[in-house]
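A.B. asks: A single structure is presented below for examination.
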Ligand SMILES: [Zn+2]
């Protein structure tokens, strides 16, 4: 990262933090007044690590399930500029990292934020949570060509959409842990793993703040971009189904 870019990142973060101080807050989990996250919602974010393998075989550890309070607070963090909320997700990412227990010399590489999302937010969500969690992330993954927005795409479409979209620098001979905020189908993590291996690195696994819950085959998807919501689940879009819940 260049110094200029690092400085710009720091300014954007400071600005967002300053705005959070002058704009009245409400609980990111339930909307209660005058508190960034109320005690009840805070308890909902106590890490409950789960692990799973992506379709490409990358071991993923998640600190939380992305539902209820976690899903609402993640929307606030990603969509409303409330960078302070990154702190409440730090224990989840730390728990995921301890569960993975990577080699001591492993490098933590966040999934890069698209230029569009960075312009919109002024910060990178995985990097922000990782910094709060004390994980020494390095921006070793870069966007080679921009993929379309993944929202509303099924598993196969996501895989095709991200194929070849990332490259990795400075990972030759290194063991790399991929870091992201949310995992849905694992397509982005698989693409990151491909990029790391193509650059001579070894993938030690992935850690994410939260994983989308198992989608019940009987439940139609309501966020589908096309008409599939009317007819129920699309082929190959069942999401992660074999998560193992840890005590
Ligand atoms: Zn609350």
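The values are calculated or read from the model by the stated rules, or taken from the named source; none is laboratory data. Computed from a predicted structure; not experimentally measured. In this analysis, Cβ positions are derived from the backbone assuming ideal geometry, glycine residues included, and neighbour counts consider all displayed protein chains.
A.B. asks: Mind telling me which of the residues 100, 107, 93 ends up being within 20 Å of residue 198 (Cα to Cα), at pLDDT 95 or above and touching a strand residue (DSSP E or B) at 6+ places or on another chain (Cβ under 6 Å)? First the steps, then the outcome.
C.D. replies: On the way: 100 fails: within 20 Å of residue 198 (Cα to Cα); 93 fails: within 20 Å of residue 198 (Cα to Cα).
After applying the criteria, what remains is 107.
A.B. asks: Now for a separate question. Just a yes or no: is a residue in segment 48-63 within 15 Å of the ligand (Cβ to nearest atom) and either closer than 21 Å to residue 188 by Cα or in contact with a strand residue (DSSP E or B) (Cβ under 9 Å, 6 or more places away or on another chain) (or both)?
C.D. replies: Within segment 48-63, the subset within 15 Å of the ligand (Cβ to nearest atom) is none.
No, segment 48-63 has no match at all.
A.B. asks: Identify, by number, the condition in (1) under 16 Å from the mean Cα position of the chain (by Cα); (2) part of a helix (DSSP H, G or I) that residue 149 doesn't meet.
C.D. replies: (2)
A.B. asks: Residues in segment 1-47 that are surrounded by fewer than 16 Cβ atoms within 10 Å (Cβ to Cβ), more than 10 Å from the ligand (Cβ to nearest atom) and at pLDDT 95 or above: how many?
C.D. replies: Of the residues in segment 1-47, 1 are surrounded by fewer than 16 Cβ atoms within 10 Å (Cβ to Cβ), more than 10 Å from the ligand (Cβ to nearest atom) and at pLDDT 95 or above.
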